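Remarks on the structure that follows.
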Amino acid sequence: MDTAVKSLWEKAFGSGAGAPTQSPGFQGRLESANNVDWEQKVSEEFDLQMHKAKIMVVGCGGAGCNTVSRLTEMGVTGAEVIALNTDAKHLAITKAHKKLLIGRDTTRGLGAGGYPQIGEKAATEQRAQIKQLLEGVDLVFITAGMGGGTGTGSAPVVAEIAKSLGAIVIGAVTMPFKMEGTRIQKAEDGLAKLRQVTDTVVVIENQKLLEYAGQMPLAQAFALADELISMMIKGIVETITVPSLVNLDFADVKAVMSCGGVSAICVGESDSQSRIKDAVIKAINHPLLEVDYSGALGALIHIICGPDCTLAEINEAGEMISKRLSPEAQVIWGARVLPEMTGKVQVIAIVTGVKSPYLLGPMQKEEAIRTKENELGIPIILK
């Protein structure tokens, strides 16, 4: 991670200074699972050919390709990374396992010019190739920047194809700055289309970047969003593909993500004396999202810790997050122990069905404000 981005990351998600004093809670009854061939082990012990969930990450457009490049650099176990773009030059420098230039006849490799309808046409033009790439997939992450041409237009097409193949589809998108005028309307229209063809969409508001990266160079500020989405995807993928202490499998992810709606990424990390509490507080007060967790439909919580972490600590993290949600929310949690995480803990949660005034759209937003004013009997002034 770039030093400047690392500094922003720590400011946003936390890094403690002290070392925890708890006695080892899991040592002595755990063996390392990282180097085990689980398919072979299951086959030998149970005479069963284990189905391995096929997971893909698809980056659409410039912003999506930047994110998958970062994910590829980080390395992700158990997922195939694919990049789609209408801009041939940008696609050429993108890092991914597979690449597809879409809209060859429509854009001739020169981009969509900020027009979502061109991005949509480009993806439709290569529909057969996209379907071939996604054949047999169980879970697809589609990442894009809303408000431009290629990502906004092509992401819903890719999602619709993936859904037609029976996959669980999770969108992960960024929304424009308030100053970006017409891009905001394009983004809201694109998000509305994407929500119709996905199980859930995780949203990051670029506007919130200003609070933490307003004085940083533009590239480094956007790198923070790429880092966040990549961490979220890597966390979920490796929760499924790499055995955990408290396991989360594909069925768990499917159950929570099928709750639908808009989702929030929650990431917190700490190595302080009160590491669990600090990490959870960082997670639920996430700086890149403006959301209300009350009434959320579900949560997938994954805790990564060292062998010195206790079961009580892990349980505390799950309870702290659960208390912020509706009593009816479906909450599934798991934990993974890594030697390199000794003395610290990372909490990654995907909370589905959250409320966000920013995501209502202009007309619905105004109606929501009028309703609230009628309830309270006072005017509401938006910042």
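The values are calculated or read from the model by the stated rules, or taken from the named source; none is laboratory data. In this text the structure is predicted, and so the values were computed from the model without any measurement. Don't worry about glycine lacking a Cβ; one is built from the backbone with ideal geometry, like all the others, and counts go over all protein chains shown.
For region 189-203, a residue qualifies if it is surrounded by 22 or more Cβ atoms within 10 Å (Cβ to Cβ) and farther than 21 Å from VAL256 by Cα, and exactly one does: GLY190.
Just to be sure, is GLN220 more than 22 Å from ALA162 (Cα to Cα), out of contact with any strand residue (DSSP E or B) (no Cβ under 6 Å at 6 or more places or on another chain) and either crowded, with 18+ Cβ neighbours inside 10 Å or in the same structural domain as GLY171 (by TED's automatic domain parsing) (or both)? Here the answer is yes, as GLN220 does meet what is asked. Considering only region 60-110, state which residues are assigned to a strand (DSSP E or B) and either farther than 15 Å from GLY145 by Cα or of a type in the set (Phe, Trp, Tyr) (or both). Correct list: ALA79, GLU80, VAL81, ILE82, LYS98, LYS99, LEU100, LEU101, LEU110.
Being out of contact with any Phe, Trp or Tyr (no Cβ under 8 Å at 6 or more places or on another chain) and closer than 20 Å to ILE350 by Cβ is the filter here; which residues of region 263-277 pass it? Within region 263-277, SER263, ILE265, CYS266, SER270, ILE276 meet the criteria.
Residue-wise test of (1) crowded, with 24+ Cβ neighbours inside 10 Å; (2) in contact (Cβ under 8 Å) with a residue 60 or more places away in the chain; (3) in a helix (DSSP H, G or I); (4) out of contact with any His (no Cβ under 8 Å at 6 or more places or on another chain).
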| position | (1), (2), (3), (4) |
| --- | --- |
| MET216 | no, yes, no, yes |
| ILE233 | yes, yes, yes, yes |
| GLU238 | no, yes, yes, yes |
| ILE265 | no, yes, no, no |
| SER272 | no, yes, no, yes |
| ILE276 | yes, yes, yes, yes |
| ALA279 | yes, yes, yes, yes |
| LYS282 | no, yes, yes, yes |
| LEU300 | yes, yes, no, yes |
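Just to be sure, is THR198 part of a loop (DSSP other than H, G, I, E, B), farther than 18 Å from THR86 by Cα and touching a helix residue (DSSP H, G or I) at 6+ places or on another chain (Cβ under 9 Å)? It is true that THR198 is part of a loop (DSSP other than H, G, I, E, B), farther than 18 Å from THR86 by Cα and touching a helix residue (DSSP H, G or I) at 6+ places or on another chain (Cβ under 9 Å). For THR152, are the conditions met, namely being part of a helix (DSSP H, G or I) and assigned by TED's automatic domain parsing to the domain that holds ALA122? Yes: the conditions hold for THR152.
If you filter region 81-108 down to residues that are buried (at least 24 other Cβ atoms within 10 Å of the Cβ) and in contact (Cβ under 8 Å) with a residue 60 or more places away in the chain, you find that the one that is farthest from the chain's Cα centre (by Cα) is THR86. Checking GLY78, GLY64 one by one, the residue that is touching a Ser or Thr at 6+ places or on another chain (Cβ under 6 Å), under 21 Å from GLU135 (Cβ atoms) and surrounded by fewer than 20 Cβ atoms within 10 Å (Cβ to Cβ) is GLY78 and no other.
Yes/no per residue for (1) over 18 Å from VAL173 (Cα atoms); (2) of a type in the set (D, E, K, R):
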position	(1), (2)
ARG70	no, yes
GLU73	yes, yes
ALA83	no, no
ILE93	yes, no
ARG108	yes, yes
ALA122	yes, no
